[in-house]
Every structure is written in C-alpha cells, then in structure tokens.
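Peer 1: Submitted below is the structure of interest, expressed as structure tokens.
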Protein chains: 2
Amino acid sequence: MKYTLLFFVLLTSLCHAGAPDRDDGYRLWLKYDLINDASRRAAYARSAPFIVLNSNSPVLKTAAEELQTGLRGLLGKTVPIVASAGGKTGGIILKTDTSLPQLNDEGYQIRSQPNITISGKTDAGVLYGAFAFLRHLQTGQPIGNLALTSNPKIRVRMLNHWDNTDGSIERGYAGSSLWKWYELPERIDPRYRDYARANASIGINGTVVNNVNASSRFLTAEYLEKVAALANVFRPYGIKIYLSVYFPAPKTIGGLKTADPLDPEVNKWWADKANEIYKLIPDFGGFLVKANSEGQPGPQDYNRTHADGANMLAKALAPHKGIVIWRAFVYKADGKADRFKAAYDEFKPLDGQFEKNVIVQVKNGPIDFQPREPFSPIFGMMPQTPLGLEFQITQEYLGFATHLVYEAPIFKECLDSDTYVKGKGSTVAKVIDGSLHNYPLTAIAGVANTGSDRNWTGHPLAQANWYAFGRLAWDHTLSSEAIAREWTQMTLTTEPPSVKTVTEMLLKSREIYVNYNTPLGLSRPWTGAHFAPEPWQNRSSRPDWTAVYYHRADSTGLGFDRTTSGSNALAQYRPEVQQQWNNPETCPLPYLLWFHHVPWAKKLSSGRTLWDELCTRFYTGADSVGWLQKQWAQVKKDVDPETFDNVAGRLATQQKEAIWWRDAWVLYLQEFARQPIPKPFKKPDRTLKEVKESVQVYLVR
Amino acid sequence: MKYTLLFFVLLTSLCHAGAPDRDDGYRLWLKYDLINDASRRAAYARSAPFIVLNSNSPVLKTAAEELQTGLRGLLGKTVPIVASAGGKTGGIILKTDTSLPQLNDEGYQIRSQPNITISGKTDAGVLYGAFAFLRHLQTGQPIGNLALTSNPKIRVRMLNHWDNTDGSIERGYAGSSLWKWYELPERIDPRYRDYARANASIGINGTVVNNVNASSRFLTAEYLEKVAALANVFRPYGIKIYLSVYFPAPKTIGGLKTADPLDPEVNKWWADKANEIYKLIPDFGGFLVKANSEGQPGPQDYNRTHADGANMLAKALAPHKGIVIWRAFVYKADGKADRFKAAYDEFKPLDGQFEKNVIVQVKNGPIDFQPREPFSPIFGMMPQTPLGLEFQITQEYLGFATHLVYEAPIFKECLDSDTYVKGKGSTVAKVIDGSLHNYPLTAIAGVANTGSDRNWTGHPLAQANWYAFGRLAWDHTLSSEAIAREWTQMTLTTEPPSVKTVTEMLLKSREIYVNYNTPLGLSRPWTGAHFAPEPWQNRSSRPDWTAVYYHRADSTGLGFDRTTSGSNALAQYRPEVQQQWNNPETCPLPYLLWFHHVPWAKKLSSGRTLWDELCTRFYTGADSVGWLQKQWAQVKKDVDPETFDNVAGRLATQQKEAIWWRDAWVLYLQEFARQPIPKPFKKPDRTLKEVKESVQVYLVR
C-alpha cells in the first residue's frame, strides 16, 4: 500500500503540474484517451507489440511517431519503434511500396495477418494509413482481419485561411490568427505542428496561410522567410504551403509601374519571385488569387482577362510544378444585374484558355456561402478548365461560433447535385474529382474555421466541420452521418446512446438553422453585422449589398424571380436542372424563393400558403433549438464537463438568437404580407421597432 | 509490483488525457508544482492539516478554495476545508476581524502558532492574505514563526483593457480579447475565472474591460447583461468591473440631440443609465473616460471643460458610490506646440473643480508610454484633485511580444521620481498613494498585456510585467529585484542559480532595450508600425505624429529643446526638478535629449561626444541581446522545455531586430552628424536605403 499511496500522490501532483485538469478541446479528434474496455484494449495491444519503420523519410517518421502517440494514449503503453521485426511477428509495419496497383499517389492499404501492414505508394500514403488505422481503433472496430484500401478522390485538399498580417482573421470567430508573423521565423509555436497533425489526420495536404484579400507583404523576402519556417513544420505531415497573392504586387513591392499581365517586365518579376520562393520552399504549392472582385485589383484593370492574369502566374510557377488557383468569385456593383449570374458569365467564355497548371476555384453556390444555395451553374460548364470547389467552414452566415451548424450536409448537398452536363449522374462531385471531364488537376478548398482559441474553433462542435471537410475532401462518398458518428466517437464520447444523440443533433442542426434563418430559399448576403437579422436593410455602398436586393419582398409576394420573367439566371443550368426549378408549382420548397417571386397567399406543396409556411419554418426552427438543448442535456454524463458547459452555454445563446431571427423576419415580412401569425404560433413579444433597435446595438460604433 | 504497474499505466494515460504534456504557460505564477524538497514539503504539510472557514462569504470561500488548490499542488495532498478546528490545533484559520488597527480595508495579517491565522478587516483582505501565504510557500520561506502584515497603499488597483467589440485589442500582442462578447452572457469561458484568480493573487481589485476608444455598445441593455455576467465571475475574487464610456453615448444610443454635459436631459440620461447599470451590477466600479483626445469627442465639443464632463458623470454615479476616472492624456494637433506641455496646461487650471468621486488618470510620462520618459509634470501640481497613475503593461513601444523588457524598473523610475512639491521626498508615489495631499481617493492602472494566447501575454517573460504591476500597485516600495525574483521562483524555476540568472536578465532588460531603441532621451511616439524603426518618418496626418517632430535631428545636433530657449516645458516642474534637467552639462544622460538640442560634437559627462555616445549605446544595446541569449541558455536545465524554446526563439528575433533598430538610427543620424561609426564598432552591413526598404515591408498593405 505504500507504493499505491506514493503513486497516488505522484499521479495527483503530476497531472496538476501538467495542466489544469479539464479538457479544453485542444486535442480535437486526436484525443487518444485510454480505451475503457480492458479486453478490447488488450486485444489491440496484442496486435501492436512494436512498430517497424526502416526509413529516414521525415513523413514516414511522422507516421511512426503518430502511431506511437496514438497507441500510447489508447492502450496506455509505449509501443517501441524498431528498424526491423527481427523475426518476431505481430507488429505494425510501415512501408512505402510502389507496386500497389489499387492505390493512387496518396492512397493507403492496411492488411493484417500475420503483421499489420500499412502501406502506400508514397510516404504520404503511409501517413494517411497510419491515421486511418488509429481512427479504426478510436472508433472501436476490430482489427483481426483488416483489409482496408482507400484513395483520395481529389488531389489538392486544402484549407484557405483568411488571415491578415495583423493577426486578425476575416470572418474568423475563434480568436486571432494561428500564425504569429512577428515571431516567425525564429520562434516556432508548437501549435503549428499540432495544426499539421490535425490536418494530416484527415488527409488535408495543402494550406493557404493568408487572406485572399491579400497583403503583398507575404511576397517580400522578409515574409517569405517566415512562410518558409511554417512550410518546414508542415512538410513532414505531407502538407504544402500556398500563398494568396495581391495582383498588383509588382507595383506595390516590385517598384514597377504596372502589373499588366502582358507586360514582359511584370512577367519577369513574377518569374523571379517564383524562383526566389522555390529556393526557400522547394515544395511550395502555388498561388491563390482573388482578382477583380469586391474591390481587389486584377487583370481587368489593364483590359486583360482572368485567363491572362492566371496564365502569367502559371507560367512563373510551371517550371517548379506550382499551380495557380484562380477564384471565380466575382460580381459587379450593378443593382440591375443578377449577381447570381456573374461568375458564369465571366468565366464560361474563358473555358480552354487557361494554362495547364491553373485551376479555377468556384464557391459551392452562385452567391456567397449562404445557409442554403443551389449549386453554382459553372460546375460542368467548363470541361476544358479544371474547376476546384470552395466551401466555407467558418460560419460567416451560419451564426459565427455560437450557433450549432454541422456542415457536412451543406457540403454533400452541393457535391451530390446533378449538373446533367453528361446526362443523369453528372454530379458536382464528379466535376470536382475530375472524373467527368478528365481534369488533370483537381482541388477542393475549405475556408478555415480555426483560430487561436484554445479549442481551435470556438464552438466545440464546430471542430466537426473542419473534420467533415477533410473527410469529404478525401472521399466525397462518405455520408454526413458516418462522419458525424466517427467524429463524435473520437472527440466527445464512445458511449453508444450518447454517440447516437450527438450524431442526430449534428445531422439536424443545419436544417434547424435554415428554418429560423433563411427558410424556403431566402438568402442574406447583405452587409452589416453578418450576425444580426436585418432584412429591412436597404442602404449600402452597393445596391447588391442590401437585403432588399435579395429577398425582394413587396406587397405581392417574396423571392427573387430568376426565371425567364425575371433575371433568367436559371438558363445557366442544363435544361434538366431548369426543369426541376423553373416551375413554382414543382420547385422544391428549399429553393423556392431562390428562383421565384411567390405571392403571399400562394398555396405551396406543403398545403400551406407561402406566409403560413414561412411562419411555420421560422417558428419550428426556433423551437427546435430547444430540442437541441434537450438532446445535449441527455449526454451530460458521457461528455467532459467543460465541453458540456461550453456547448450548453452556446446553445442558450443560439436559442435566444434564433428567436431574434424569427421575430425580425416575421415582423418585417408581415408588413408586406399583412396577415396575422398563423396558429398555433404566438406573435412575437416585441415590435418590429424593438427588434430593429436590438439589431442596431451590433451596428453602433 | 502489480499495483505499481497499474498506477504507472494510469499515471501515463490520465496525464495524457488531461492535456498535452508540456507547460504552455497558462498557469502563470499560480503553478503550484510539487515542492521538490521533501523535508520542506513535510514541514509545510505538518502546519497545514486543515483549513478552517466558518463563513458563507463568496470571497472567503474563494480564499479557502485557492488555499486548497495551492496546497494540493505544492504538497501533493488535499487539505480539507472544515467549519471548525474541533479542538485540533495546527490548521490554517481564515477569518475576518474588524478589530485589527494595523490594517486598512484590504490589508491582511498572517500569524502562526499555534494555528496559522490569516485575517483581514474585510473578506478581500483575507483573500489577499491567503495568496500571500501561498506566495510564501512558493518562494520557499519558513512558516514556523509567521508575522506578516501588509496593507495596499493605493485603493483602486486596476487593469485597463483596450479591447474592442470585435475581439481585437488596440496595442495587444497576445492574441485577441479575453472577452467573448458574442458568447456572453450565456456562456462563461472558464478563463474569466482564471483571469480573476491571477489578478486577485497580486491584489488587483478592478478591471476596465473595454477600450478607452470606447464603443457605446457597452452601455446598451444587451451589452450590460454581458458585462454583468463577467462581474459575477469577478466578484468572488474581490474585483470590481468598470467600463470605458463613449462621451456622446446619449446621442449615439440614447436618441438625444446633444451630449452637452450641462444639458439637463443629458444629465438625466446618464443618471438613468447609472441606475440601470447598478441594478444589474450592484458593485459596479465606475466609468473611465478618454475625451477630447486623439479624435475622441468630449465636453469641449460643447465649449465645456473636462471638469464639466467628468462632474456630470460623477453625479450620475455618486448615489451608487461609483467613481469617474477621467484621463489627462490630451494634446492638440499643433506642430508648433510642444505636446509635452498639453496635459498640464489643460488640467492644472481645473484643480479643485472636480467632484469628489472623480480621479484624473495621468500617464507616467508627459508624452506616451515611451521606453523612458521623465515623470509627468502634473504629478504634485493638483493637490485638490486626486490623480491616478496610468502605466502601460502592453509593450506598444517596447517591442510588442518579441522583445524582453521587464517593466518594474520603468514603473519604479516614475514612482520614485521626486516632484519636490512639498520639499525633497515628494515622490510621485506619495502623490499617487494620497499621502502627499491626503487624496481621499487613490488609483493606479496598468494597460493590460493579456490576450487569448494560451500563455496570456505572448512572451512568457512578459507575464512578469502583469505580475510586477500588481505587486507595485499594492506596495510601491517593493524593489524591482525582489519582484523579479519572486516571480521567477513562482513561475519558472526554484533552482537558486537559475533564479539569479533570470532575475538579472529581467533587471537589465529595460536598459538594454532603451540603449538600442531610444538612448539618451530619444523618443519615438510617431505613427507607423510602432514596431519598426522609422526615424526618418516626416509625413503624417498630424505634425506631432512624425518622428522628426520628436528627435529634431539637424546638422547642428539632436534633441528637443525644452528649456527657456525652446518650448520651456521644463517650467512645468518645480525649480528643484528644473535645476536637475535644465543644464545640458549636468542633465543626466538618460534624459539629455528629452530636454536639450545637443551638438553632435558636444563632449558628454561620459567623456564621449554625443555622436560617439549614441553609437556606443546603440551598439552595446544590440550586443547585449546576445548577452541575454547566453544567460538564457544557462537556465535551460531548470526551465520547462516549451517555455525555454519559446523564450529562446523570441530572443533570437529580438537580437535581429535590435540590430535593425541600431542600424536604422545610426545610419539615419549619420546623415546629420556626418561622422564615421566610432571604433571599435563596425559600420552596419546595410545602407540606409536598405534599412528603409526593410521597414517598408511592415507598412505595405
């Protein structure tokens, strides 16, 4: 008993010394808590007496060390890494094997018996296999007869960070930037490595570290050294670094008089800059560009096309195998035009004009990361130009870090949309993974929701969105539910009833949000707080940045007519798609107001009038947050107390704000609809004036 | 051995589960690691078998719990909290005792034998005593015969947070704001409590949570609820909450047409607002105001005085015992005037015109938190108006979070300065603690260096500045060295040689910084990066925001003539002070260029010419960063590895940037001095043009 006491003392004090005794969420889905089930733990341990690694490759070393770290936590023992099995059987063997025909460059294969062999054609493939193996254990699956093979369907799987030089993050809700530019390159925050670990564990292989509204500072020698220091941390995790570039950089930091993409001096400047970058970062990924969009300069300032601009950069990067990711997010300040149509109109005519190492990155929907959008009409329409897909993980329009919105269903909704460009089944996913048009280059990007908050994402459950993005970037056929379940098991609890409850909460959260926020195809990309309801907003520096531009509420009805009688944006889709949406009688309700101006009294397929259906959605949406709260209360016993309280607090805020959104919309729209709130719903406790005042708080200086 | 193994497994896994096994600095000086010396630990443990607390007071409960937490870490055992000793002797007794004549309201007394009794006249006094007792243990002192008595010398000891509604911090270098306004009041970040713990442990009893460049948002009902939620967390730690207010709030959120402080409706609005606040926060501290300064509106917009403005607010707060802290940091955009003189000129005439619950808060120096400033000439000159002292803990002009500058010597330099207003010994400290003029109200504020970075302050050693501010706010007679030593022991290591080394580093760091940054009384409050050297900066939106306005370099010499032949700012001091500084022959070198325009070839008291002395300071300053690095290398074995690497990385950055500052200054000033770099120093490796280009990087968009 003497020993027991001594160890208890040690245990108490050492744990206390290490950190406060609560789970702050820092470890994400890589928690690796000891497996409770002793027999399962023992079974796993028997299969993993040692790890064999016979290589000095940094990426393979990472794989071995990650395996060791994970097993140390899960099994409570340190599994040695050895150079050779030395005749013993039963260990885990890591190896690169170029003779595996079923694998692509980054795929992996895991086989058991007699040893567990994790192999890939490349070192990165092995690394992904190692994490897949750990995930297998974390989710409690048997490993007796392993035969797993998985290949990423898209080549470039990246996060886009909208991080600025001053540490702020555009549309960031989880603290400030992870990148400490003033400390780099001399000080390497250990967090950079943990960031890379998290990304590698879900197959993300690229990161753009600075905002698309870019500072030219990043292309100076001073900053490239800092960027190179980050690249050095990311490299052993198979992650390439990319930079957003400011198109006029040859002027702002190069001293040239022009940034005209057809000017030879400008071309030379970019070529020299590329050479300089690759000297520092031999595996630099390339450039991301936002040009001639929302005030950003670009090639059109010189009467050149997006293709001219992209190609100039592409030629500079081509000798180094770098790529250019050129964003298709463009629209003009024209209150009479339909912003919906802008990207298609500008980019489709350029199909085939881009260099081979250019990819055009398209937001999932035609407008701007709304809670629900139809897929962008560009997808499928540029067969000769690789199109990348840009999702937004950070919750710009999804309630910042206080509302629970699990985004896999948003991502899937787009990926599974059928463009019909090569007949039925021509999904957006097939465009993006290159299978439809045989794109040589494929890419998918998520605008990161990470920040300096200890738990990375502010809302603890928003970690699931980072996770889901990575998993879908790897394999878009995974279901939202499967991803939610495995994330919950790895991150929150392995108790089956609670896993089920949390999974259900996650899966329903997006529809709940849409219901109280933008039901039936409403959208809200107006300027203002991006946080508070403001459907009355009708003044802005640009006509297309007002609320009324989008919802078009008037005494006759609500919604944006995009049929032939309106903007005719629908014509940008294939006839099969148009047919689904161009008839207000048959258009699915979720997209109704995206495409039609619908009379208030119009009877919808639900059997309710538009007004009644709107009210029903707003009220049931807001009420459903109460359901989320009740569900969460049920998992209390199985979830870390700090995480529990954190989520419970945010759900309470969400509940309050859901009612706020509901009240704002119904009171505002009621001025046009001139109808009472339908039973059984009770009219809001406040007046429209009061709601407006409460929103004004968030706009006041 | 079976038990041993089992516990080892538990130990490994539980610690891993709790958090990553590295010290991230979150615990500050409240680490409470197990005391290594077993006999000392045992001796302490014998004296602390239980804690007696017979009260339900939240503050006393905090005291007991903090004691328990500290002892659990230090002694490795849980000391029970009991309501009564039950006849047993030897425990720690916490009690409020109003009959202790040697104590003021917040003072404490600690006596041992037979029990250790920690008492105070108020609950807060007991809390401070509990932390003092723990500090005693943390610094390894004997407790056999304790007889400690300590009283805070200043009543209001506060942090000022320059935090904005969007989570950014003006002049913050440690991440974003601690306050998550979007989550409040529903979600309470556990960090709020840890913030309160840290402050209470050093005697800080007030906090202004928002920027002095204030948003009126904080006075809305919506935000007051959020502020009240923070106040609820701080209250059990004896900390009152204050708000910075935007002077025109009656217009911006009150709907009035004016904010004229003599308008009855405006007065009523503020009175109503105060009532509203105190209903939510019964112990609300009061308002901090920046008015008619740097573009902020104020009473002068209505031809009223600062006193008119302050008194209006004071009357609104008086019924609730709240106070108004009115900042004296004012200056006009007049390139011909001397900014040095502005605060004195505007405020001295108002002496005696302020309400009793107003305190005028004065920055330590006459300009703006420079690396070295003479004390502000206002101190001592307003005998009928309580003057508070404002220090800046965040390193706006001290190298952000990458340079090591221990600030206690800066604070002490001001506090120990003699104003001579009541003869020799009339120090600034005696003005501020009220003893010189019998101020009924006394206050000291530090502009916080805290942020959301895990270690709170970015630079791990900058935690010492927060600590030092608190300790000096409590007792300005403490020495910089004693504070440095105790902070080091509590935070970094208790090994005597390393404690000595770190203490020495801290003590020398400020002079090293001044030497390479602003030696001999140079200053640098110009606009720009606040980070990069820019002595050539001569264009700005205001003439007094240029570098040349301050250093006045020309072909004849360097420095700002503030004698009778110049701005005559010196006349604002008492004759005894003027006498020290008005003669360039005898003016101490650290203040020389603050007061004199000195010829380049002038022989100084050091025996060197001005030019040679400048070069000597710049070069030895930059070289001394190398010395800091060598000292730090010596403590490696005694310091947590993550902290070690963190500081080592920052010191490397500091080394690079110190040379940058040196090169910028000497190359720029050389254009005027037209003399070579004196031996043994080598001329910079770069040209002035190159330095300018490297600085330009930090100014580019």
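Peer 1: Scan the stretch B:11-22 and tell me whether some residue there is within 14 Å of chain A (Cβ to nearest Cβ), at pLDDT 95 or above and part of a loop (DSSP other than H, G, I, E, B).
Peer 2: No, the stretch B:11-22 contains no residue that is within 14 Å of chain A (Cβ to nearest Cβ), at pLDDT 95 or above and part of a loop (DSSP other than H, G, I, E, B).
Peer 1: Also, I was wondering about something else. Does any residue of the stretch B:636-643 turn out to be assigned to a helix (DSSP H, G or I) and crowded, with 19+ Cβ neighbours inside 10 Å?
Peer 2: Yes: the stretch B:636-643 contains one or more residues that are assigned to a helix (DSSP H, G or I) and crowded, with 19+ Cβ neighbours inside 10 Å.
To keep it simple, each residue is scored yes or no on (1) part of a loop (DSSP other than H, G, I, E, B); (2) in contact with a helix residue (DSSP H, G or I) (Cβ under 6 Å, 6 or more places away or on another chain); (3) within 14 Å of another protein chain (Cβ to nearest Cβ); (4) without any contact (Cβ under 8 Å) to a residue 24 or more places away in the chain.
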{"position": "B:F379", "(1), (2), (3), (4)": "yes, yes, no, no"}
{"position": "B:G388", "(1), (2), (3), (4)": "no, no, no, no"}
{"position": "B:T394", "(1), (2), (3), (4)": "yes, no, yes, no"}
{"position": "B:Y397", "(1), (2), (3), (4)": "yes, no, no, no"}
{"position": "B:F400", "(1), (2), (3), (4)": "yes, no, yes, no"}
{"position": "B:P409", "(1), (2), (3), (4)": "no, yes, no, no"}
{"position": "B:C414", "(1), (2), (3), (4)": "no, yes, no, no"}
{"position": "B:G434", "(1), (2), (3), (4)": "yes, no, no, no"}
{"position": "B:N455", "(1), (2), (3), (4)": "yes, no, yes, no"}
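Peer 1: Separate question: Out of the residues in the stretch A:161-187 that are touching a helix residue (DSSP H, G or I) at 6+ places or on another chain (Cβ under 8 Å) and open to solvent by 20 Å² or more (accessible area, probe 1.4 Å), state the one that is nearest to the other protein chains (Cβ to nearest Cβ).
Peer 2: A:E186
Peer 1: What pairs come out if I take residues in the stretch A:336-358 that are assigned by TED's automatic domain parsing to the domain that holds A:I323 and among the β-branched types (V, I, T) and pair them with residues that are in a helix (DSSP H, G or I) and open to solvent by less than 30 Å² (accessible area, probe 1.4 Å) whose C-beta lies under 6 Å away, six or more apart or interchain?
Peer 2: A:V358/A:A310; A:V358/A:A314
Peer 1: Quickly run through the stretch A:123-143 and pick out the residues that are over 10 Å from A:G203 (Cα atoms) and out of contact with any strand residue (DSSP E or B) (no Cβ under 6 Å at 6 or more places or on another chain).
Peer 2: Within the stretch A:123-143, A:L134, A:R135, A:H136, A:L137, A:Q138, A:T139, A:G140, A:Q141, A:P142, A:I143 meet the criteria.
Peer 1: Continuing with this model, one more query. Which residue, of B:G129, B:G120, is surrounded by 22 or more Cβ atoms within 10 Å (Cβ to Cβ), farther than 16 Å from B:L71 by Cβ, in contact (Cβ under 8 Å) with a residue 12 or more places away in the chain and not β-branched (V, I, T)?
Peer 2: Sole residue among the options that is surrounded by 22 or more Cβ atoms within 10 Å (Cβ to Cβ), farther than 16 Å from B:L71 by Cβ, in contact (Cβ under 8 Å) with a residue 12 or more places away in the chain and not β-branched (V, I, T): B:G120.
Peer 1: Among the listed residues A:L461, A:L404, which satisfies the condition of being assigned to a loop (DSSP other than H, G, I, E, B), among the aliphatic types (A, V, I, L, M), modelled with pLDDT of 95 or more and surrounded by 23 or more Cβ atoms within 10 Å (Cβ to Cβ)?
Peer 2: It is A:L404.
Peer 1: If I filter the stretch B:560-595 down to residues being free of Cβ contacts under 8 Å to residues at least 40 places away in the same chain and open to solvent by less than 10 Å² (accessible area, probe 1.4 Å), which single residue comes out as nearest to B:F379 (Cα to Cα)?
Peer 2: This residue is B:L570.
Peer 1: I'd like to check something: does the stretch B:188-203 contain any residue that is within 13 Å of chain A (Cβ to nearest Cβ), of a type in the set (F, W, Y) and open to solvent by 10 Å² or more (accessible area, probe 1.4 Å)?
Peer 2: No, the stretch B:188-203 contains no residue that is within 13 Å of chain A (Cβ to nearest Cβ), of a type in the set (F, W, Y) and open to solvent by 10 Å² or more (accessible area, probe 1.4 Å).
Peer 1: Follow-up question, since we're still on this one. Name the residue, out of A:F595, A:F531, that is closer than 30 Å to A:L404 by Cα and more than 14 Å from chain B (Cβ to nearest Cβ).
Peer 2: Every option except A:F595 fails the conditions.
Peer 1: For the structure I just gave you, tell me whether B:E106 is part of a loop (DSSP other than H, G, I, E, B), touching a residue at least 60 places away in the same chain (Cβ under 8 Å), assigned by TED's automatic domain parsing to the domain that holds B:L146 and in contact with a helix residue (DSSP H, G or I) (Cβ under 6 Å, 6 or more places away or on another chain).
Peer 2: When the stated conditions are applied, B:E106 passes them.
Peer 1: Return the pairs, sorted by first residue and then second, in which the second residue is surrounded by 16 or more Cβ atoms within 10 Å (Cβ to Cβ) and of a type in the set (A, V, I, L, M), the first residue lies in the stretch B:689-701 and is facing another protein chain (nearest Cβ under 8 Å) and under 15 Å from A:A249 (Cβ atoms), the beta carbons are less than 8 Å apart, and the residues are 6+ apart or on different chains.
Peer 2: Sorted first by the residue in the stretch B:689-701, then by its partner, the pairs are B:V697/A:I253; B:V700/A:I253.
Peer 1: What number of residues within the stretch A:70-87 are within 14 Å of chain B (Cβ to nearest Cβ) and either in contact with a Leu (Cβ under 7 Å, 6 or more places away or on another chain) or part of a helix (DSSP H, G or I) (or both)?
Peer 2: Qualifying residue count for the region: 8.
Peer 1: Hey, can you tell me all the residues within the stretch A:416-432 that are within 15 Å of A:F391 (Cα to Cα) and assigned to a loop (DSSP other than H, G, I, E, B)?
Peer 2: The answer is A:D416, A:S417.
Peer 1: Among what's in the stretch B:520-551 and is among the small types (G, A, S) and over 14 Å from B:Q370 (Cα atoms), pick the residue that is modelled with the highest pLDDT.
Peer 2: B:A532
Peer 1: What residue, among those in the stretch B:41-63 that are assigned to a helix (DSSP H, G or I) and either surrounded by fewer than 16 Cβ atoms within 10 Å (Cβ to Cβ) or in the same structural domain as B:D194 (by TED's automatic domain parsing) (or both), is modelled with the highest pLDDT?
Peer 2: My answer is B:P58.
Peer 1: Also, quick follow-up: Run down A:I253, A:I277, A:I241 and say which single residue is among the β-branched types (V, I, T), closer than 15 Å to A:I323 by Cβ and out of contact with any strand residue (DSSP E or B) (no Cβ under 7 Å at 6 or more places or on another chain). Steps first, please.
Peer 2: Values: A:I253 fails: closer than 15 Å to A:I323 by Cβ; A:I241 fails: out of contact with any strand residue (DSSP E or B) (no Cβ under 7 Å at 6 or more places or on another chain).
Exactly one residue qualifies, and that residue is A:I277.
Peer 1: Within the stretch A:491-509, is there a residue that is in contact with a Pro (Cβ under 8 Å, 6 or more places away or on another chain) and either of a type in the set (G, A, S) or surrounded by fewer than 23 Cβ atoms within 10 Å (Cβ to Cβ) (or both)?
Peer 2: The answer is yes; a qualifying residue exists.
Peer 1: For the stretch B:650-679, which residues satisfy the criterion of being closer than 15 Å to B:G626 by Cβ and either open to solvent by 10 Å² or more (accessible area, probe 1.4 Å) or within 13 Å of another protein chain (Cβ to nearest Cβ) (or both)?
Peer 2: Across the stretch B:650-679, the qualifying residues are B:R650, B:L651, B:A652, B:T653, B:Q654, B:Q655, B:K656, B:E657, B:A658, B:I659, B:W660, B:R662.
Peer 1: Taking only pairs six or more apart or across chains, which ones have beta-carbon atoms under 7 Å, a first residue in the stretch B:66-94 that is surrounded by fewer than 20 Cβ atoms within 10 Å (Cβ to Cβ), and a second residue that is basic (K, R)?
Peer 2: Close Cβ pairs satisfying both conditions: B:T78/B:R72.
Peer 1: Let me ask you something else. As an exercise: evaluate B:K273 against (1) away from chain A (no Cβ under 14 Å); (2) more than 21 Å from B:A318 (Cβ to Cβ); (3) touching a residue at least 40 places away in the same chain (Cβ under 8 Å); (4) open to solvent by 10 Å² or more (accessible area, probe 1.4 Å) and give the number of the one condition it does not meet.
Peer 2: (2)
Peer 1: Follow-up question, since we're still on this one. Taking the condition of being within 14 Å of another protein chain (Cβ to nearest Cβ) and open to solvent by 20 Å² or more (accessible area, probe 1.4 Å), how many residues in the stretch B:218-270 meet it?
Peer 2: 11
Peer 1: I've got another one for you. Go through the stretch B:475-489 and give me each residue that's buried (at least 24 other Cβ atoms within 10 Å of the Cβ) and either among the aliphatic types (A, V, I, L, M) or assigned by TED's automatic domain parsing to the domain that holds B:K430 (or both).
Peer 2: Selection gives B:I483, B:A484.
The values are calculated or read from the model by the stated rules, or taken from the named source; none is laboratory data. Just so we're clear, the structure is a prediction, and the values are computed from it rather than from any experiment. Backbone-built Cβ (ideal geometry, glycine too); neighbour counts: all protein chains shown. We work out accessible area using only protein heavy atoms, side chains counted, and drop any ligands, DNA or RNA first. Shrake-Rupley method; radii C 1.70, N 1.55, O 1.52, S 1.80 Å.
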